[in-house]
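The values are calculated or read from the model by the stated rules, or taken from the named source; none is laboratory data. Computed from a prediction, not measured in an experiment: that's the story for all the values here. Because the Cβ atoms are built from the backbone with ideal geometry, glycine has one as well, and the counts that use them run over all protein chains shown. Calculation scope for accessible area: heavy atoms of the full protein, side chains included, ligands and nucleic acids excluded. Shrake-Rupley method; radii C 1.70, N 1.55, O 1.52, S 1.80 Å.
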Amino acid sequence: MSIEIRKLANGLTVVCHQMPHLQTVAINVMVKAGSRDETEMNNGISHLIEHMAFKGTATRTARDIAEQFDNIGGYNNAYTSRENTSFHCKVIAGEWKIGLEILSDIVLNSTYPEDELEREKLVVVQEICETNDSPDEVVTDIFQAVAFPGQPLGRSILGTENDVLAITREQILNYVHEYYQPSNMVLAVAGNINIDEVAAEAEKLFIFTNPAPAPAIKLARYQGGITVAKDDFEQVHIVIGFEALPYKDKHYYTQHVLSTLLGGSMSSRLFQEVREKRGLAYSIGTYVMPYEETGTFTINAGTSEDKFQEVLQVIFAELSKVMETVSEEEVVRSKKQLIAGLAMASENSNFCVDEAAKCILTHGRYITNEEVVEKINAVTAYDIVMIASRFFTSRMTFAATGKIENVAGIELGLNFDEPSLA
């Protein structure tokens, strides 16, 4: 298994992950454009473009796209995040050229027809409504808005219903022209395939008119605070968070070991204390979300209203403890879990192309598994205590939704303002 990277004459970066044992080829075209690149006036446009790309090109209708992928037994999809938009497919190895041709047509030659746009807006509105019925999604959006108020990183990836319905075809065309540039895009392919074949096809298919550098990202500033939104959800859903480290920070992997130790597995401190010993929650865990210039470290839990304050007590007690000491046994176990997870994920070609594309767009180079493992293994117990102390004594973000009548327990936190009840 090997990684080859080539910068094409047209400015596009191609990554080829050779996996000779596979009978399929995974293809991913990733654009460095997401909700953090939007404004108040076009919030949701990145996600709407992801939908609209499949609605027809100069030579294919939406039905043609669907049928032609089905004709080769291919799977295709797309997703939008705060920093990227990905268009991807997986096909039988012998059909990879067809899959790549269709995918390139979708990304570069979509016409965004007006009638399809009006229909697809309604589809996205239904997606927004569905998301609003999911407490996990609701509390995550609340958290993001509190952590980064009035900023693109604080806005929903989907946008609001009014945002989406107001987006015009002209706005879409302008946004695509700005961000769908070769310097802002990576083609990643994984399977029994080589870079020469992929590069030759990509040179023919990826034709850019008037290529130009994409706009710089809008830098975000973490702020934090507290918002509690009453709702009729059966449980109280909680996200407690702190500012974390960006991708390129030298302690980037330390925060991931901390997350695993604190709430990343069934043996982690929070899982054992909150769920196993006290039965206070079914779900409890931690998560690191890095960005270009900042990041968030979050503790996520769902519990009943009568257990709400007790869960907070236990969480804050564990945050205090991890700032004091961690055992070598915990550190070794957490590092092994991260390394094993990476190895298992790397056997999946979809994961490989996704990570390769993100890596190139973020770091400008590919970071090998061996390099990641080396950096994880270098993390010490002292590093973890230092990062925990840095995170958990900084300004906190608290978001919760559900049937919450008493918010007094929030004041148990490490540095809180007065809670607000929405």
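Search the range 55-90 for residues being part of a helix (DSSP H, G or I) and open to solvent by less than 40 Å² (accessible area, probe 1.4 Å), and hand back the single one that is farthest from Asp354 (Cα to Cα).
Only one residue tops the list, namely Ala62.
Quick one: in the range 218-232, which of the residues that are assigned to a loop (DSSP other than H, G, I, E, B) and charged (D, E, K, R) is surrounded by the fewest Cβ atoms within 10 Å (Cβ to Cβ)? Working first, answer last.
Initially, the range 218-232 is screened for residues assigned to a loop (DSSP other than H, G, I, E, B), giving 218-224, 231-232.
From what is left, the residues that are charged (D, E, K, R) are 218, 221, 231-232.
Working: Lys218: 12, Arg221: 13, Asp231: 17, Asp232: 8.
Looking at residues that are assigned to a loop (DSSP other than H, G, I, E, B) and charged (D, E, K, R), I get Asp232.
Hey, among Arg82, Arg63, which residue is out of contact with any strand residue (DSSP E or B) (no Cβ under 7 Å at 6 or more places or on another chain), farther than 30 Å from Ala343 by Cα, at pLDDT 95 or above and of a type outside the set (Asp, Glu)?
Arg63
List, please: which pairs have Cβ atoms under 7 Å, are six or more places apart or on different chains, and start with a residue in the range 75-103 that is closer than 20 Å to Thr59 by Cα and end with one that is assigned to a strand (DSSP E or B) and open to solvent by 60 Å² or more (accessible area, probe 1.4 Å)?
His88/Asn77; Cys89/Tyr75
For the range 274-304, give me the residue count where each residue is open to solvent by 10 Å² or more (accessible area, probe 1.4 Å), touching a residue at least 60 places away in the same chain (Cβ under 8 Å) and in contact with a Leu (Cβ under 6 Å, 6 or more places away or on another chain).
1
How many of the residues making up the range 200-215 are part of a loop (DSSP other than H, G, I, E, B) and either at pLDDT 95 or above or in contact with a strand residue (DSSP E or B) (Cβ under 6 Å, 6 or more places away or on another chain) (or both)?
1
Could you go through the range 15-36 and let me know if any residue there is open to solvent by less than 20 Å² (accessible area, probe 1.4 Å), assigned to a helix (DSSP H, G or I), of a type outside the set (Gly, Ala, Ser) and at pLDDT 95 or above.
Yes, the conditions are met somewhere in the range 15-36.
From the list Ser259, Ser265, pick out the single residue that is within 27 Å of Arg333 (Cβ to Cβ), polar (S, T, N, Q) and not in a loop (DSSP other than H, G, I, E, B).
Testing whether each residue is within 27 Å of Arg333 (Cβ to Cβ), polar (S, T, N, Q) and not in a loop (DSSP other than H, G, I, E, B) leaves just Ser259.
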